[in-house]
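Working notes for the structure below.
Since every read-out is calculated from the coordinates, none of them should be taken as a lab result. Just so it is clear, the model here is predicted, and its values are computed rather than measured. When we count neighbours, we look across all protein chains shown, and the Cβ atoms used for this are built from the backbone with ideal geometry, even at glycine.
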Ligand code: BZD
């Protein structure tokens, strides 16, 4: 549905009058946002309805993406873009003396995720709709999103993120679709006409109420649904006379998002969350299937439904599906198992041991007694089946239940027909190292799906000037079909284009410099190299290596050795309980303070750690980056996605050969990336032989020693104990992230980068190549591979709106 400027202005005036009895000129920013988002909602409502009707009519197979995190950020501009209204609305507002960007600041950032995993889930939602598939998200409507980060004396403090405090404008409560989820109590199996059915006693009943969020496809008339579940007191009859304590206990289930990324904490409430949204989602899927598709013929289920398990948090889906099919719908175990495996697929996001979920049997039996019985039976049959086929060792290594614990990855793998990693190297490591036994058992289940990013958000919305340059050079087609971006490479020797690229980057840097000044009071020179590392704070991501480089530059400058001007920009949250990560934040903040206030340094080097990195802030930093730091210990970063966003905006990558960095290098060629560091085999050699002795490196390298010593010799004020902690960590025998092992190679590549920076034309040529080849990481390509190779979906036929 098209809209003209005049129509839009009229609608806005009407909404503001209806809602607030005001004229546009009197409305506050928040009121304008409310009115504008209501117009957008009216805009997609008809196609949302039409999509639902078409689904019922066409009965196409649908995928349900189960994820404990979704991190969409804000939705106003992306909904406008996807409706095809962005330009018109932005211009109409300008006519009225208003600014869309200002109005958009009233929208809270929907931070229902920690980092890459949650952001990927949100990108997949946008992409499924935009590529024309019917895909549904299934997750949790957390009352409090990821904490807001503040720095106090250089330390991270966490503040609650009460994002629902102002009304949420995008969700629709669908009470009629509520289901009940049961926890605890006792189960007894009783005979009912020859069928053993569970009888529950003393269990806690929780009502799961869905809130649906529209996911508007990119100018294709399709609108999908992201369904987030809220935990509420059950209706009377299930729980009579609830006390305040009952209410609190139930509401707690969906109260907070666990702020741990790449780490596992075996807490009861987390297990409750996992079962809550998994059970609610599956019940509602099967309700729909029974009503709309095939009554009670479940053998057809895999032809209509695909369920994706995003990391192991929803892995209970395997057991819950069995429970529903066997107990509720009375399908035989063998049939039900066959249906379950054909329906489920699973993505692994990490090879780090500390992130792999393992639940105590005792905890699971108490909270989910029937589910624990079912998992025990799945495990028993698994062992039974493999006896005499493979060695007992392999069985013991791969079975679900081991040493009093339920291994969730094993449940997901045994219960799925597809298991994928998120970048080529990562999948290869799953096959050859981490899940080797499973790969030998089920090689056909393993496949790679390299991650992707929504170019719509990261170029079209975040970088409008670059978008216009692409339109002007290669035409507008790239906006719908990213293959076209490769044509940008034809402009490699076109001076006008290179100059435009330079100007666009400069203008974006001026804007970011202003934001930095507003937020920190620090003035940075937009002519300096903007060197960016934005991602969660984690030892394996090695913000520490960047810190050592900063200290090295500082000492050089103090000693009169010159370097090009550089502004190092960090954005990173640490898990509240992750002591080392918080120590790193403190040391970086104190280092920044020291350098930024040193009159000898002036503006040759600035270090900016921006608070509260989130999707909204990313949209401002990424278009202004010259350099993208992707420096994780090789083998540790499953894929990375900020690497893709930054290259798409023309930043040049400094990269270890880890995760998707390898594929970026492959796409742009080795002359257009700065790669360094240990190779995979060298890393594994260190691990296997336990022969990494960083102290030797440190004693024999004066440059390294000078940087590392500055952590403990009083150079950096106010951070003695934290500096000491970092120092000790770097020098520990067999330190697992190999920071010092990569130090000198990192310094060398940074020197090479400085030389490239001096050759301006060459720099922007490299930048141009990176932009052109970012098409390879378009999430729509990723999603089409999932749709074809894992979920076996067809596109929904829907009339394109006029
Ligand atoms: O997933 C990340 C990986 O570290 C990245 O390499 C990868 O690009 C993305 C997307 O595939 N993993 C996470 O973000 N993990 C978590 O956020 C997480 C959250 C809760 C518990 C465990 C892990």
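Please report, to one decimal in angstroms, the Kirkwood hydrodynamic radius of segment 27-107 built from all distinct Cα-Cα pairs.
On the way: mean 1/r = 0.0678 Å⁻¹.
Value: 14.8 Å, from the Cα pair sum.
Diffusion coefficient (Stokes-Einstein, Kirkwood radius over C-alpha pairs, 25 °C, 0.890 mPa s) for segment 614-654: 230 µm²/s, rounded to a whole number.
For the pair residue 297 and residue 238, the difference between a 0.36 nm per residue extended length and the Cα-Cα distance amounts to 18.3 nm. Taking one quarter of the surface of the convex hull spanned by the alpha-carbon atoms of the chain gives a direction-averaged projected area of 35.2 nm². A crude spin-label estimate for the pair residue 385 and residue 196, with each label 7 Å from Cα along the Cβ direction, gives 1.9 nm.
Computed over Cα pairs, the Kirkwood radius of segment 657-772 leads via Stokes-Einstein (1.002 mPa s, 20 °C) to a diffusion coefficient of 130 µm² per second.
Would you mind classifying segment 429-587 by shape? Square roots of the alpha carbon gyration tensor eigenvalues, ordered a ≥ b ≥ c; an a/c under 1.5 is rounded, otherwise it is prolate if a/b is larger than b/c and oblate if not. Kindly include the intermediate steps, with their values, before the conclusion.
Values: a/c = 2.07, a/b = 1.06, b/c = 1.96.
Here segment 429-587 falls in the oblate category.
Extension gain, residue 203-residue 477: 0.36 nm per intervening residue step, less the Cα-Cα distance, totals 93.0 nm. If you look at the Cα atoms of segment 455-777, you get an Rg and a Dmax of 19.3, 57 Å. Compute the Cα gyration tensor for segment 260-402, then decide on rounded, prolate or oblate, letting a ≥ b ≥ c be the square roots of its eigenvalues: rounded whenever a/c is under 1.5, prolate when a/b is larger than b/c in the other cases, and oblate in all that remain. Note, shape of segment 260-402 comes out oblate. Directionally averaged projected area (segment 228-301, Cα convex hull): 7.5 nm². Working note: Debye formula, equal point scatterers on the alpha-carbon atoms of segment 270-344, no solvent; log10 I(q)/I(0) at q = 0.18, 0.21, 0.27 Å⁻¹ is -0.66, -0.89, -1.41. With semi-axes defined as the square roots of five times the eigenvalues of the C-alpha gyration tensor, the equivalent ellipsoid of segment 645-695 measures 28, 11, 9 Å, largest first.
State, as an integer percentage, the relative contact order of segment 455-777 based on alpha-carbon contacts under 8 Å between residues 6 or more apart. Let's see the in-between values first.
Values: 514 pairs, mean separation 71.6, N = 323.
In percent, rounded to a whole number, it is 22.
Packing around the peptides 190-200, 723-733, 773-783, taken as the average count of other Cβ atoms within 10 Å per residue, puts them in this order, highest first: 773-783, 723-733, 190-200.
For 535, 565, 490, 272, what ranking results if the residue with the fewest other Cβ atoms within 10 Å of its Cβ goes first?
Values: 535 25, 565 16, 490 13, 272 21.
In increasing order of surrounding Cβ atoms, one gets 490, 565, 272, 535.
Size of segment 436-502 from its Cα atoms: along the principal axes, largest to smallest, the extents are 57, 26, 21 Å. Counting neighbouring beta carbons within 10 Å and listing from fewest to most, the residues 766, 1 come out as 1, 766.
Of the beta bridges DSSP finds with both residues in segment 455-777, what % are antiparallel, to the nearest 5?
Numbers: 0 of 21 bridges.
Here the antiparallel bridges make up roughly 0 percent for segment 455-777.
Stretched out fully, how many nm does the piece from residue 748 to residue 9 gain, at 0.36 nm a residue minus the Cα gap? The partial results should precede the final answer.
Values: separation 739, 0.36 × 739 = 266.04 nm, distance 5.68 nm.
Taking 0.36 nm per residue and subtracting the Cα distance, the gain is 260.4 nm.
If every alpha-carbon in segment 352-479 counts as one equal scatterer, what log10 I(q)/I(0) does Debye give at q = 0.10, 0.19, 0.22 1/Å? These q points yield log10 I(q)/I(0) values of -0.50, -1.08, -1.28. Of all DSSP-defined beta bridges confined to the chain, some 45% are antiparallel rather than parallel.
Each residue in 151, 488 was given a count of other beta-carbon atoms within 10 angstrom of its own, and listing them fewest first yields 151, 488. Directionally averaged projected area (segment 127-265, Cα convex hull): 14.4 nm².
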